[in-house]
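See structure below.
Bear in mind that the values in this text are calculations on the coordinates, not laboratory data. What you are looking at is a predicted structure, and each value in this text was computed from that prediction instead of being measured. Here the Cβ is made from the backbone with ideal geometry for all residues, glycine too, and neighbour counts use every protein chain on show.
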Amino acid sequence: MQITGRCTCWAVAALFAVFEAPVPADAGPPSVVVAQASSTPAPVQPPAATGAPTTVAPAEKSALSIPACSVKYLEAKIAGKLQGRKWVDFRRDECGRHETSAVFPTAIAPKYENEKDLDKARTKTCADQFTANKATNGNGGLVWVEKDGGYYAECIIRLKG
């Protein structure tokens, strides 16, 4: 079984445990609380640490992980708010990708221009910019490497452009 499958199973088991626990007669229906980070990005000011030209550009970020989305799906199912939607439709609508702004280099940094391996030069340029962005929250909420994307993947695509 994959890790995401295990996480989903744990989330489902936790929900069943909550809803099957003995409830006093005068208590209302049980509630489940799922925390989610704010989706409003902080203002971004591009740092000039790499020496390469930079640009603020939209990038895509996954809003919720599969386990978190499955918990949200089960909550909606129990509350009767699915409106006939299946898992795939719910995931696309409620947990899908959204745009975020991040600062990316537009060219390989001058200190890496003489690098023999072009991929290595791109990686080092992106790494320098990612590090510089941390000080100003210029990564737009992206992490360095993430399944189906991340700052590294977006940056390399833009430098190969």
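Quick look at the numbers
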{"item": "Long-range neighbours under 7 Å by Cβ, at least six apart or interchain, first residue in contact (Cβ under 8 Å) with a residue 60 or more places away in the chain within region 108-126, second assigned to a helix (DSSP H, G or I)", "result": "Thr125/Tyr112; Thr125/Leu159"}
{"item": "Members of region 101-119 found to be closer than 19 Å to Ala153 by Cβ and outside any helix (DSSP H, G or I), listed by number", "result": "Ser101, Ala102, Val103, Phe104, Pro105, Thr106, Ala107, Ile108, Ala109, Asp117"}
{"item": "Any chance Trp87 is farther than 30 Å from Leu159 by Cβ and either buried (at least 20 other Cβ atoms within 10 Å of the Cβ) or without any contact (Cβ under 8 Å) to a residue 40 or more places away in the chain (or both)", "result": "yes"}
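Okay, residues lined up against (1) crowded, with 17+ Cβ neighbours inside 10 Å; (2) of a type outside the set (A, V, I, L, M, F, W, C):
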position: Asn114; (1), (2): no, yes
position: Ala121; (1), (2): yes, no
position: Thr131; (1), (2): no, yes
position: Ala135; (1), (2): no, no
position: Leu142; (1), (2): yes, no
position: Gly161; (1), (2): no, yes
